[in-house]
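The values are calculated or read from the model by the stated rules, or taken from the named source; none is laboratory data. Since this is a predicted model, take the numbers as computed values, not measurements. For neighbour counting, all protein chains shown are included, and Cβ atoms are generated from backbone atoms with ideal geometry for every residue, glycine included. Heads up: the accessible areas ignore ligands, DNA and RNA and are worked out on the full protein's heavy atoms, side chains in. Shrake-Rupley method; radii C 1.70, N 1.55, O 1.52, S 1.80 Å.
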Amino acid sequence: MSKALKLGVAGLGTVGIDALKLIALHGERFASRTGCAVEIGGVSARNRRKNREIDISSYEWFDDPVALAESQDIDVFVELIGGEDGVAKASVEAALRAGKHVVTANKALLAHHGIELARLADAKGVALSFEAAVAGGIPAIKTIRESLLANNITRVYGILNGTCNYILTQMQKEGRAFDEVLQEAQDAGYAEADPTFDIGGYDTAHKLAILTTLAFGVETSIDTVYVEGIESISLADIEAADDLGYRIKLLGVALLTESGIEQRVHPTMVPKNTAIAEVDGVTNCVAFDGNFVGDILLIGPGAGGGPTASAVISDVLDIAKGRISPPFAWRTEDLKPYERARMRSHEGGYYIRLKVFDRTGAFAAIAGRMAEHGISLESIVQRRPAAALPGLDARGDDGAPLPVVMITHETTEAAIRAALKAIEDEGNVQERPRMIRIEKL
(Lines give C-alpha, C1' and ligand atoms only; values in the text may rest on other atoms or scores of the structure.)
Protein backbone atom coordinates (compact mmCIF):
# COMPACT_ATOMS: atom_id res chain seq x y z
CA MET A 1 0.00 0.00 0.00
CA SER A 2 1.28 3.46 -0.91
CA LYS A 3 1.70 6.23 1.62
CA ALA A 4 -1.42 7.88 3.01
CA LEU A 5 -3.20 10.65 1.13
CA LYS A 6 -3.48 13.59 3.54
CA LEU A 7 -6.47 15.95 3.30
CA GLY A 8 -6.77 19.52 4.47
CA VAL A 9 -10.46 20.27 5.02
CA ALA A 10 -11.45 23.95 5.07
CA GLY A 11 -15.03 24.58 6.16
CA LEU A 12 -16.62 22.47 8.88
CA GLY A 13 -20.30 23.00 8.24
CA THR A 14 -22.71 20.16 7.59
CA VAL A 15 -20.82 18.91 4.52
CA GLY A 16 -17.38 19.18 6.10
CA ILE A 17 -18.42 17.30 9.23
CA ASP A 18 -20.11 14.58 7.17
CA ALA A 19 -16.97 14.23 5.07
CA LEU A 20 -14.92 13.66 8.23
CA LYS A 21 -17.51 11.11 9.40
CA LEU A 22 -17.28 9.26 6.08
CA ILE A 23 -13.53 8.95 6.34
CA ALA A 24 -13.73 7.74 9.95
CA LEU A 25 -16.48 5.24 9.12
CA HIS A 26 -15.19 3.82 5.84
CA GLY A 27 -11.47 4.51 6.01
CA GLU A 28 -10.46 0.85 5.89
CA ARG A 29 -12.68 0.20 2.87
CA PHE A 30 -11.25 3.26 1.10
CA ALA A 31 -7.73 1.94 1.64
CA SER A 32 -8.59 -1.51 0.33
CA ARG A 33 -10.26 -0.09 -2.78
CA THR A 34 -7.62 2.48 -3.65
CA GLY A 35 -4.46 0.98 -2.19
CA CYS A 36 -3.98 4.23 -0.33
CA ALA A 37 -5.13 5.26 3.13
CA VAL A 38 -7.02 8.57 3.37
CA GLU A 39 -6.21 10.64 6.44
CA ILE A 40 -6.87 14.14 7.74
CA GLY A 41 -3.79 16.35 7.72
CA GLY A 42 -5.48 19.47 9.04
CA VAL A 43 -8.76 21.37 9.33
CA SER A 44 -9.84 24.99 9.27
CA ALA A 45 -13.05 26.88 10.04
CA ARG A 46 -14.12 30.26 11.35
CA ASN A 47 -14.78 29.14 14.93
CA ARG A 48 -12.51 26.62 16.59
CA ARG A 49 -14.62 26.39 19.74
CA LYS A 50 -17.97 25.76 18.05
CA ASN A 51 -19.77 22.68 19.37
CA ARG A 52 -19.70 20.16 16.52
CA GLU A 53 -21.13 16.67 16.16
CA ILE A 54 -17.70 15.02 16.24
CA ASP A 55 -14.48 15.51 18.16
CA ILE A 56 -11.93 17.32 15.99
CA SER A 57 -9.35 17.88 18.72
CA SER A 58 -7.02 15.26 17.23
CA TYR A 59 -6.72 17.16 13.94
CA GLU A 60 -4.20 19.94 13.43
CA TRP A 61 -6.09 23.24 13.46
CA PHE A 62 -5.43 26.16 11.09
CA ASP A 63 -7.01 29.55 11.73
CA ASP A 64 -6.11 30.58 8.18
CA PRO A 65 -7.34 28.31 5.37
CA VAL A 66 -4.64 29.70 3.08
CA ALA A 67 -2.00 28.42 5.50
CA LEU A 68 -3.74 25.03 5.46
CA ALA A 69 -3.77 25.07 1.65
CA GLU A 70 -0.02 25.65 1.58
CA SER A 71 0.83 23.18 4.36
CA GLN A 72 3.48 20.58 3.62
CA ASP A 73 1.39 18.10 5.62
CA ILE A 74 -1.44 17.81 3.10
CA ASP A 75 -1.76 16.45 -0.43
CA VAL A 76 -5.36 17.45 -1.17
CA PHE A 77 -7.06 20.70 -0.20
CA VAL A 78 -10.84 20.25 0.28
CA GLU A 79 -12.57 23.63 0.00
CA LEU A 80 -16.02 23.72 1.62
CA ILE A 81 -16.04 27.40 2.58
CA GLY A 82 -18.24 28.73 -0.20
CA GLY A 83 -18.46 32.06 -2.00
CA GLU A 84 -17.10 33.16 -5.36
CA ASP A 85 -14.27 35.31 -4.00
CA GLY A 86 -12.56 36.08 -0.72
CA VAL A 87 -10.83 33.41 1.33
CA ALA A 88 -12.34 30.54 -0.68
CA LYS A 89 -10.74 31.75 -3.91
CA ALA A 90 -7.49 32.73 -2.20
CA SER A 91 -7.09 29.36 -0.52
CA VAL A 92 -7.86 27.35 -3.68
CA GLU A 93 -5.36 29.42 -5.66
CA ALA A 94 -2.76 28.95 -2.91
CA ALA A 95 -3.28 25.17 -2.91
CA LEU A 96 -2.95 24.89 -6.69
CA ARG A 97 0.17 27.06 -6.77
CA ALA A 98 1.66 24.84 -4.07
CA GLY A 99 1.04 21.79 -6.25
CA LYS A 100 -1.83 20.43 -4.14
CA HIS A 101 -4.87 18.68 -5.59
CA VAL A 102 -8.13 20.54 -4.93
CA VAL A 103 -11.61 19.17 -4.30
CA THR A 104 -14.39 21.73 -3.94
CA ALA A 105 -18.17 21.95 -3.69
CA ASN A 106 -18.14 25.67 -4.55
CA LYS A 107 -20.33 26.26 -7.62
CA ALA A 108 -20.08 30.07 -7.39
CA LEU A 109 -16.29 29.95 -7.41
CA LEU A 110 -16.26 27.64 -10.43
CA ALA A 111 -18.92 29.55 -12.37
CA HIS A 112 -16.97 32.81 -12.02
CA HIS A 113 -13.34 31.65 -11.89
CA GLY A 114 -13.34 27.99 -12.94
CA ILE A 115 -11.41 28.42 -16.17
CA GLU A 116 -8.52 30.36 -14.66
CA LEU A 117 -8.34 27.85 -11.79
CA ALA A 118 -8.38 24.97 -14.30
CA ARG A 119 -5.47 26.54 -16.19
CA LEU A 120 -3.53 26.76 -12.95
CA ALA A 121 -4.32 23.13 -12.12
CA ASP A 122 -3.22 22.04 -15.60
CA ALA A 123 0.03 23.98 -15.29
CA LYS A 124 0.82 22.26 -11.99
CA GLY A 125 -0.37 18.81 -13.11
CA VAL A 126 -2.85 18.47 -10.26
CA ALA A 127 -6.57 17.75 -9.99
CA LEU A 128 -9.32 20.32 -9.67
CA SER A 129 -12.39 18.19 -8.90
CA PHE A 130 -15.91 19.39 -8.14
CA GLU A 131 -18.49 16.60 -8.33
CA ALA A 132 -20.26 18.08 -5.30
CA ALA A 133 -20.68 21.51 -6.90
CA VAL A 134 -23.62 20.44 -9.09
CA ALA A 135 -26.66 18.43 -7.95
CA GLY A 136 -25.23 17.16 -4.67
CA GLY A 137 -25.12 13.37 -4.61
CA ILE A 138 -26.05 12.93 -8.30
CA PRO A 139 -22.92 11.96 -10.30
CA ALA A 140 -23.62 14.57 -12.98
CA ILE A 141 -20.03 15.74 -13.43
CA LYS A 142 -18.58 12.24 -13.74
CA THR A 143 -21.34 11.28 -16.17
CA ILE A 144 -20.30 14.04 -18.58
CA ARG A 145 -16.57 13.85 -17.92
CA GLU A 146 -16.30 10.08 -18.17
CA SER A 147 -19.38 8.12 -19.24
CA LEU A 148 -20.50 10.36 -22.12
CA LEU A 149 -17.13 11.12 -23.70
CA ALA A 150 -18.11 9.18 -26.83
CA ASN A 151 -21.14 11.40 -27.43
CA ASN A 152 -21.82 14.80 -28.87
CA ILE A 153 -24.10 16.34 -26.26
CA THR A 154 -26.65 18.74 -27.72
CA ARG A 155 -28.66 19.63 -24.64
CA VAL A 156 -28.28 19.53 -20.87
CA TYR A 157 -31.07 20.56 -18.54
CA GLY A 158 -32.54 19.81 -15.18
CA ILE A 159 -34.00 20.72 -11.83
CA LEU A 160 -30.90 21.99 -10.06
CA ASN A 161 -32.26 23.68 -6.94
CA GLY A 162 -34.10 21.75 -4.25
CA THR A 163 -35.52 24.83 -2.53
CA CYS A 164 -37.41 25.93 -5.63
CA ASN A 165 -38.59 22.41 -6.40
CA TYR A 166 -39.86 21.97 -2.84
CA ILE A 167 -41.83 25.23 -2.99
CA LEU A 168 -43.42 24.47 -6.36
CA THR A 169 -44.24 20.92 -5.27
CA GLN A 170 -45.96 22.04 -2.07
CA MET A 171 -47.92 24.74 -3.90
CA GLN A 172 -49.16 22.17 -6.40
CA LYS A 173 -49.96 19.37 -3.95
CA GLU A 174 -51.39 21.39 -1.08
CA GLY A 175 -52.83 24.45 -2.82
CA ARG A 176 -50.90 26.90 -0.68
CA ALA A 177 -49.52 30.31 -1.60
CA PHE A 178 -45.88 30.96 -2.45
CA ASP A 179 -45.09 33.09 0.62
CA GLU A 180 -46.56 30.51 2.99
CA VAL A 181 -44.58 27.63 1.51
CA LEU A 182 -41.38 29.71 1.39
CA GLN A 183 -41.69 30.37 5.11
CA GLU A 184 -42.17 26.66 5.72
CA ALA A 185 -39.06 25.92 3.65
CA GLN A 186 -37.08 28.39 5.74
CA ASP A 187 -38.35 26.87 8.98
CA ALA A 188 -37.38 23.39 7.74
CA GLY A 189 -33.89 24.54 6.72
CA TYR A 190 -34.48 24.07 2.98
CA ALA A 191 -34.23 27.81 2.34
CA GLU A 192 -31.90 30.46 3.76
CA ALA A 193 -33.08 33.43 5.79
CA ASP A 194 -32.39 35.45 2.62
CA PRO A 195 -33.65 33.05 -0.07
CA THR A 196 -32.92 35.31 -3.05
CA PHE A 197 -30.00 33.24 -4.36
CA ASP A 198 -32.23 30.16 -4.55
CA ILE A 199 -35.67 31.44 -5.52
CA GLY A 200 -34.21 34.06 -7.87
CA GLY A 201 -32.63 31.31 -9.99
CA TYR A 202 -29.01 32.34 -9.41
CA ASP A 203 -27.96 29.09 -7.73
CA THR A 204 -29.31 27.18 -10.72
CA ALA A 205 -27.50 29.54 -13.10
CA HIS A 206 -24.13 28.84 -11.49
CA LYS A 207 -24.64 25.09 -11.81
CA LEU A 208 -25.89 25.40 -15.39
CA ALA A 209 -22.82 27.43 -16.42
CA ILE A 210 -20.56 24.64 -15.13
CA LEU A 211 -22.56 21.95 -16.93
CA THR A 212 -22.46 23.99 -20.15
CA THR A 213 -18.68 24.09 -20.16
CA LEU A 214 -18.44 20.37 -19.46
CA ALA A 215 -21.03 19.42 -22.07
CA PHE A 216 -20.02 21.70 -24.94
CA GLY A 217 -16.31 22.37 -24.40
CA VAL A 218 -16.62 26.15 -24.18
CA GLU A 219 -15.34 28.62 -21.64
CA THR A 220 -17.69 29.24 -18.75
CA SER A 221 -19.95 32.25 -19.26
CA ILE A 222 -22.13 32.91 -16.22
CA ASP A 223 -22.97 36.45 -17.39
CA THR A 224 -24.79 35.18 -20.49
CA VAL A 225 -27.24 32.95 -18.60
CA TYR A 226 -30.77 34.31 -18.81
CA VAL A 227 -32.12 34.08 -15.26
CA GLU A 228 -35.71 34.24 -14.06
CA GLY A 229 -36.81 32.97 -10.65
CA ILE A 230 -40.04 31.60 -9.23
CA GLU A 231 -41.09 34.60 -7.10
CA SER A 232 -43.98 35.54 -9.38
CA ILE A 233 -45.48 32.03 -9.73
CA SER A 234 -48.99 32.10 -8.26
CA LEU A 235 -51.53 29.48 -7.35
CA ALA A 236 -53.43 30.60 -10.42
CA ASP A 237 -50.50 29.50 -12.60
CA ILE A 238 -50.11 26.22 -10.72
CA GLU A 239 -53.78 25.36 -11.12
CA ALA A 240 -53.96 26.44 -14.76
CA ALA A 241 -50.92 24.31 -15.55
CA ASP A 242 -52.55 21.32 -13.85
CA ASP A 243 -55.75 21.76 -15.85
CA LEU A 244 -53.76 21.96 -19.08
CA GLY A 245 -51.78 18.80 -18.34
CA TYR A 246 -48.54 20.36 -17.06
CA ARG A 247 -46.42 20.84 -13.95
CA ILE A 248 -44.37 23.97 -13.31
CA LYS A 249 -40.66 23.41 -12.56
CA LEU A 250 -37.69 25.75 -12.38
CA LEU A 251 -35.36 24.43 -15.07
CA GLY A 252 -31.85 25.25 -16.12
CA VAL A 253 -31.49 24.58 -19.87
CA ALA A 254 -28.40 24.77 -22.10
CA LEU A 255 -28.70 24.09 -25.84
CA LEU A 256 -26.08 23.70 -28.53
CA THR A 257 -27.36 25.38 -31.70
CA GLU A 258 -25.90 26.14 -35.11
CA SER A 259 -25.28 29.75 -34.12
CA GLY A 260 -23.94 29.19 -30.61
CA ILE A 261 -25.09 28.23 -27.14
CA GLU A 262 -28.29 29.16 -25.37
CA GLN A 263 -28.32 29.17 -21.55
CA ARG A 264 -31.47 29.95 -19.58
CA VAL A 265 -32.99 29.48 -16.15
CA HIS A 266 -36.72 30.03 -15.72
CA PRO A 267 -40.00 28.48 -14.57
CA THR A 268 -41.16 25.98 -17.16
CA MET A 269 -44.34 24.06 -17.85
CA VAL A 270 -43.49 20.39 -18.46
CA PRO A 271 -45.99 17.71 -19.50
CA LYS A 272 -47.35 15.62 -16.63
CA ASN A 273 -46.48 12.40 -18.44
CA THR A 274 -42.72 13.10 -18.41
CA ALA A 275 -40.37 11.73 -15.75
CA ILE A 276 -39.13 15.20 -14.87
CA ALA A 277 -42.66 16.27 -13.90
CA GLU A 278 -42.58 13.62 -11.16
CA VAL A 279 -39.36 14.92 -9.58
CA ASP A 280 -40.81 16.39 -6.40
CA GLY A 281 -39.70 17.97 -3.16
CA VAL A 282 -36.01 18.76 -2.64
CA THR A 283 -34.96 16.14 -5.20
CA ASN A 284 -32.85 17.26 -8.18
CA CYS A 285 -32.40 15.83 -11.67
CA VAL A 286 -29.98 16.33 -14.53
CA ALA A 287 -30.68 15.27 -18.13
CA PHE A 288 -28.42 14.95 -21.15
CA ASP A 289 -29.19 14.47 -24.85
CA GLY A 290 -26.37 12.56 -26.55
CA ASN A 291 -26.20 11.73 -30.26
CA PHE A 292 -25.44 8.03 -29.65
CA VAL A 293 -26.62 7.30 -26.12
CA GLY A 294 -29.91 9.16 -26.53
CA ASP A 295 -31.58 10.79 -23.55
CA ILE A 296 -30.31 10.20 -20.00
CA LEU A 297 -32.02 11.39 -16.83
CA LEU A 298 -30.28 11.22 -13.45
CA ILE A 299 -32.44 11.75 -10.35
CA GLY A 300 -31.38 11.98 -6.73
CA PRO A 301 -30.64 14.15 -3.70
CA GLY A 302 -29.32 17.51 -4.85
CA ALA A 303 -28.16 18.83 -1.51
CA GLY A 304 -27.68 17.91 2.15
CA GLY A 305 -24.64 16.99 4.18
CA GLY A 306 -24.57 13.26 3.43
CA PRO A 307 -25.11 13.31 -0.36
CA THR A 308 -22.76 16.26 -0.87
CA ALA A 309 -20.06 14.76 1.35
CA SER A 310 -20.40 11.51 -0.62
CA ALA A 311 -19.64 13.43 -3.82
CA VAL A 312 -16.67 15.18 -2.19
CA ILE A 313 -15.13 11.91 -1.03
CA SER A 314 -15.71 10.28 -4.43
CA ASP A 315 -13.40 12.94 -5.88
CA VAL A 316 -10.86 12.30 -3.14
CA LEU A 317 -10.88 8.57 -3.89
CA ASP A 318 -10.31 9.22 -7.61
CA ILE A 319 -7.19 11.17 -6.65
CA ALA A 320 -6.14 8.33 -4.34
CA LYS A 321 -6.40 5.97 -7.33
CA GLY A 322 -4.31 8.31 -9.47
CA ARG A 323 -7.22 9.32 -11.70
CA ILE A 324 -6.66 12.94 -12.65
CA SER A 325 -8.85 14.21 -15.48
CA PRO A 326 -9.00 17.67 -17.06
CA PRO A 327 -11.25 19.69 -14.72
CA PHE A 328 -13.84 20.49 -17.39
CA ALA A 329 -13.48 17.22 -19.36
CA TRP A 330 -11.61 19.04 -22.14
CA ARG A 331 -8.02 20.22 -22.01
CA THR A 332 -8.13 23.85 -20.94
CA GLU A 333 -6.30 25.01 -24.07
CA ASP A 334 -8.91 23.23 -26.20
CA LEU A 335 -11.91 25.02 -24.65
CA LYS A 336 -13.52 27.28 -27.22
CA PRO A 337 -14.67 30.86 -26.59
CA TYR A 338 -18.33 31.03 -25.62
CA GLU A 339 -20.58 32.16 -28.47
CA ARG A 340 -24.10 33.16 -27.58
CA ALA A 341 -26.80 31.73 -29.84
CA ARG A 342 -28.83 34.02 -32.04
CA MET A 343 -32.46 34.41 -31.11
CA ARG A 344 -34.71 31.65 -32.39
CA SER A 345 -38.25 30.46 -31.94
CA HIS A 346 -39.05 28.56 -28.76
CA GLU A 347 -40.38 25.23 -29.97
CA GLY A 348 -42.67 24.55 -27.03
CA GLY A 349 -44.66 27.74 -27.22
CA TYR A 350 -45.75 29.87 -24.27
CA TYR A 351 -48.42 29.97 -21.58
CA ILE A 352 -49.85 33.44 -20.99
CA ARG A 353 -52.24 34.43 -18.20
CA LEU A 354 -54.11 37.72 -18.32
CA LYS A 355 -56.67 39.43 -16.13
CA VAL A 356 -58.74 41.15 -18.81
CA PHE A 357 -61.28 43.84 -18.05
CA ASP A 358 -64.73 42.71 -19.23
CA ARG A 359 -65.48 45.53 -21.61
CA THR A 360 -66.21 45.95 -25.28
CA GLY A 361 -63.22 45.60 -27.58
CA ALA A 362 -60.76 44.33 -24.93
CA PHE A 363 -60.38 40.83 -26.33
CA ALA A 364 -60.24 42.06 -29.91
CA ALA A 365 -57.46 44.49 -28.99
CA ILE A 366 -55.44 41.74 -27.30
CA ALA A 367 -55.81 39.43 -30.28
CA GLY A 368 -54.76 42.30 -32.51
CA ARG A 369 -51.55 42.95 -30.58
CA MET A 370 -50.67 39.26 -30.80
CA ALA A 371 -51.27 39.23 -34.55
CA GLU A 372 -49.17 42.37 -35.05
CA HIS A 373 -46.18 40.52 -33.59
CA GLY A 374 -46.74 37.37 -35.63
CA ILE A 375 -47.93 35.25 -32.71
CA SER A 376 -50.29 32.39 -33.49
CA LEU A 377 -52.53 31.20 -30.66
CA GLU A 378 -53.16 27.50 -30.15
CA SER A 379 -55.92 28.06 -27.62
CA ILE A 380 -57.68 30.70 -25.53
CA VAL A 381 -59.38 29.60 -22.33
CA GLN A 382 -61.48 31.73 -20.01
CA ARG A 383 -60.83 30.31 -16.59
CA ARG A 384 -63.60 29.50 -14.15
CA PRO A 385 -65.06 32.37 -12.08
CA ALA A 386 -62.20 34.09 -10.34
CA ALA A 387 -63.81 33.74 -6.90
CA ALA A 388 -63.02 30.01 -7.08
CA LEU A 389 -59.46 30.49 -8.31
CA PRO A 390 -56.85 31.14 -5.60
CA GLY A 391 -54.77 34.20 -6.28
CA LEU A 392 -57.39 36.00 -8.45
CA ASP A 393 -60.08 38.47 -7.52
CA ALA A 394 -63.73 37.47 -7.67
CA ARG A 395 -65.56 38.80 -10.68
CA GLY A 396 -67.73 41.73 -9.80
CA ASP A 397 -69.99 43.74 -12.05
CA ASP A 398 -69.46 46.00 -15.02
CA GLY A 399 -65.98 45.54 -16.34
CA ALA A 400 -64.35 43.54 -13.53
CA PRO A 401 -61.39 41.42 -14.76
CA LEU A 402 -61.79 37.97 -16.24
CA PRO A 403 -58.98 35.41 -15.92
CA VAL A 404 -57.88 34.31 -19.39
CA VAL A 405 -55.21 31.77 -20.37
CA MET A 406 -53.65 31.66 -23.83
CA ILE A 407 -51.32 29.02 -25.27
CA THR A 408 -49.20 30.09 -28.23
CA HIS A 409 -47.61 28.15 -31.04
CA GLU A 410 -43.85 28.34 -31.58
CA THR A 411 -42.61 31.92 -31.53
CA THR A 412 -39.69 34.03 -30.31
CA GLU A 413 -39.46 35.42 -26.82
CA ALA A 414 -38.83 38.90 -28.21
CA ALA A 415 -42.17 38.76 -30.03
CA ILE A 416 -43.99 37.55 -26.90
CA ARG A 417 -42.49 40.24 -24.70
CA ALA A 418 -43.21 42.99 -27.20
CA ALA A 419 -46.83 41.87 -27.58
CA LEU A 420 -47.37 41.62 -23.83
CA LYS A 421 -45.91 45.07 -23.26
CA ALA A 422 -48.25 46.50 -25.89
CA ILE A 423 -51.21 44.75 -24.24
CA GLU A 424 -50.23 46.05 -20.82
CA ASP A 425 -49.71 49.61 -22.12
CA GLU A 426 -53.12 49.57 -23.81
CA GLY A 427 -54.86 49.27 -20.43
CA ASN A 428 -57.14 46.29 -21.04
CA VAL A 429 -55.55 44.15 -18.31
CA GLN A 430 -55.58 44.68 -14.56
CA GLU A 431 -51.97 43.61 -13.94
CA ARG A 432 -48.81 42.69 -15.79
CA PRO A 433 -49.37 39.59 -17.98
CA ARG A 434 -47.75 36.37 -16.77
CA MET A 435 -45.70 34.33 -19.25
CA ILE A 436 -44.20 30.84 -18.77
CA ARG A 437 -42.37 28.78 -21.36
CA ILE A 438 -43.65 25.34 -22.32
CA GLU A 439 -40.71 22.96 -22.79
CA LYS A 440 -40.61 19.98 -25.14
CA LEU A 441 -38.77 17.21 -23.28
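Yes or no, residue by residue, for (1) part of a strand (DSSP E or B); (2) at pLDDT below 90:
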| position | (1), (2) |
| --- | --- |
| Leu392 | no, yes |
| Asp398 | no, yes |
| Leu402 | yes, yes |
| Met406 | yes, no |
| Ile416 | no, no |
| Ala419 | no, no |
| Ala422 | no, no |
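Identify, please: which residue in the range 319-343 is part of a helix (DSSP H, G or I) and more than 17 Å from Leu110 (Cβ to Cβ) and is, among those, most open to solvent (accessible area, probe 1.4 Å)? Once the filter is applied, the top-ranked residue is Glu333.
Among the residues of the range 208-217, is any at pLDDT 95 or above and closer than 26 Å to Met406 by Cα? Checking the range 208-217: not a single residue is at pLDDT 95 or above and closer than 26 Å to Met406 by Cα.
Can you tell me which residues in the range 344-356 are open to solvent by 10 Å² or more (accessible area, probe 1.4 Å) and either over 23 Å from the mean Cα position of the chain (by Cα) or among the aromatic types (Phe, Trp, Tyr) (or both)?
The first filter runs over the range 344-356 and keeps only residues open to solvent by 10 Å² or more (accessible area, probe 1.4 Å), leaving 344-348, 353, 355.
Of everything in the range 344-356, those that are open to solvent by 10 Å² or more (accessible area, probe 1.4 Å) and either over 23 Å from the mean Cα position of the chain (by Cα) or among the aromatic types (Phe, Trp, Tyr) (or both) turn out to be Arg344, Ser345, Arg353, Lys355.
One residue is enough: does the range 117-136 have a residue meeting the conditions of a type in the set (S, T, N, Q), under 22 Å from Val293 (Cα atoms) and at pLDDT 95 or above? Before the answer, list the steps.
Initially, the range 117-136 is screened for residues of a type in the set (S, T, N, Q), giving 129.
Applying the additional criterion that residues be under 22 Å from Val293 (Cα atoms) yields none.
Looking for residues that are of a type in the set (S, T, N, Q), under 22 Å from Val293 (Cα atoms) and at pLDDT 95 or above, one finds none in the range 117-136, hence no.
For Tyr157, state whether it is touching a residue at least 12 places away in the same chain (Cβ under 8 Å) and crowded, with 23+ Cβ neighbours inside 10 Å.
Numbers: touching a residue at least 12 places away in the same chain (Cβ under 8 Å): yes; crowded, with 23+ Cβ neighbours inside 10 Å: yes.
Yes.
Of all residues in the range 3-47, those satisfying the criterion of being at pLDDT 90 or above and basic (Lys, Arg) are Lys6, Lys21, Arg29, Arg33, Arg46. Taken over the range 177-207, residues that are closer than 27 Å to Thr220 by Cα, small (Gly, Ala, Ser) and assigned to a helix (DSSP H, G or I) amount to 1.
Determine whether the range 424-433 contains at least one residue that is in a loop (DSSP other than H, G, I, E, B), modelled with pLDDT under 90, surrounded by 14 or more Cβ atoms within 10 Å (Cβ to Cβ) and under 29 Å from the mean Cα position of the chain (by Cα). The answer is no, given that none of the residues of the range 424-433 is in a loop (DSSP other than H, G, I, E, B), modelled with pLDDT under 90, surrounded by 14 or more Cβ atoms within 10 Å (Cβ to Cβ) and under 29 Å from the mean Cα position of the chain (by Cα). All conditions but one from (1) free of Cβ contacts under 8 Å to residues at least 60 places away in the same chain; (2) part of a helix (DSSP H, G or I); (3) open to solvent by 60 Å² or more (accessible area, probe 1.4 Å) apply to Arg33; the one that does not is (1). Candidates are the residues of the range 362-372 that are of a type outside the set (A, V, I, L, M, F, W, C) and in contact (Cβ under 8 Å) with a residue 40 or more places away in the chain; the one that is most open to solvent (accessible area, probe 1.4 Å) is Glu372.
I need the full set of residues from the range 357-382 which are polar (S, T, N, Q) and within 33 Å of the chain's Cα centre (by Cα), in order please. Working first, answer last.
The first filter runs over the range 357-382 and keeps only residues polar (S, T, N, Q), leaving 360, 376, 379, 382.
The answer is Ser376, Ser379.
In the range 1-30, how many residues are outside any strand (DSSP E or B) and among the charged types (D, E, K, R)? Can you show your working first?
The first filter runs over the range 1-30 and keeps only residues outside any strand (DSSP E or B), leaving 1, 11-30.
In the following step, the residues that additionally are among the charged types (D, E, K, R) were identified as 18, 21, 28-29.
Here the count works out to 4.
Against the numbered list (1) under 14 Å from Tyr350 (Cα atoms); (2) at pLDDT 90 or above, Lys440 comes up short only at (2).
Taking interchain pairs and intrachain pairs at least six residues apart, which have beta carbon atoms under 6 angstrom, with the first residue in the range 406-424 and charged (D, E, K, R) and the second open to solvent by less than 50 Å² (accessible area, probe 1.4 Å)? Hits for this filter: Glu410/Ser345; Glu410/Gly349.
Within the range 48-66, residues that are farther than 22 Å from Ala88 by Cβ reach partners that are surrounded by 11 or more Cβ atoms within 10 Å (Cβ to Cβ) and basic (Lys, Arg) with beta carbons closer than 7 Å, at six or more positions or on different chains, in the pairs Ile54/Lys21.
Scanning the range 219-247 for residues that are crowded, with 21+ Cβ neighbours inside 10 Å, hydrophobic (A, V, I, L, M, F, W, C) and more than 15 Å from the chain's Cα centre (by Cα) gives Ile233, Ile238, Ala240, Ala241. Looking at the range 58-72, can you tell me whether even one residue there is closer than 13 Å to Lys6 by Cα, open to solvent by less than 60 Å² (accessible area, probe 1.4 Å) and small (Gly, Ala, Ser)? Scanning the range 58-72, I find at least one residue that is closer than 13 Å to Lys6 by Cα, open to solvent by less than 60 Å² (accessible area, probe 1.4 Å) and small (Gly, Ala, Ser), so the answer is yes. Every condition in (1) modelled with pLDDT of 95 or more; (2) open to solvent by 20 Å² or more (accessible area, probe 1.4 Å) holds for Ala140 except the one numbered (2).
Given the criteria buried (at least 23 other Cβ atoms within 10 Å of the Cβ) and touching a residue at least 24 places away in the same chain (Cβ under 8 Å), does Leu128 qualify?
Working: buried (at least 23 other Cβ atoms within 10 Å of the Cβ): yes; touching a residue at least 24 places away in the same chain (Cβ under 8 Å): yes.
Yes, satisfied.
Taking the range 90-111 only, how many residues are of a type in the set (D, E, K, R) and open to solvent by 40 Å² or more (accessible area, probe 1.4 Å)?
As a first pass, look at the range 90-111 and keep what is of a type in the set (D, E, K, R): 93, 97, 100, 107.
Filter once more, so that each one left must be open to solvent by 40 Å² or more (accessible area, probe 1.4 Å): 97, 107.
Of the residues in the range 90-111, 2 are of a type in the set (D, E, K, R) and open to solvent by 40 Å² or more (accessible area, probe 1.4 Å).
The residue that is farthest from the chain's Cα centre (by Cα), among those in the range 284-299 that are over 10 Å from Ile153 (Cβ atoms) and open to solvent by 10 Å² or more (accessible area, probe 1.4 Å), is Phe292.
Sub-8 Å Cβ pairs linking a first residue in the range 181-200 that is surrounded by fewer than 17 Cβ atoms within 10 Å (Cβ to Cβ) to a second residue that is hydroxyl-bearing (Ser, Thr, Tyr) and assigned to a helix (DSSP H, G or I), at least 6 apart or interchain, are Thr196/Tyr202, ordered by first then second residue.
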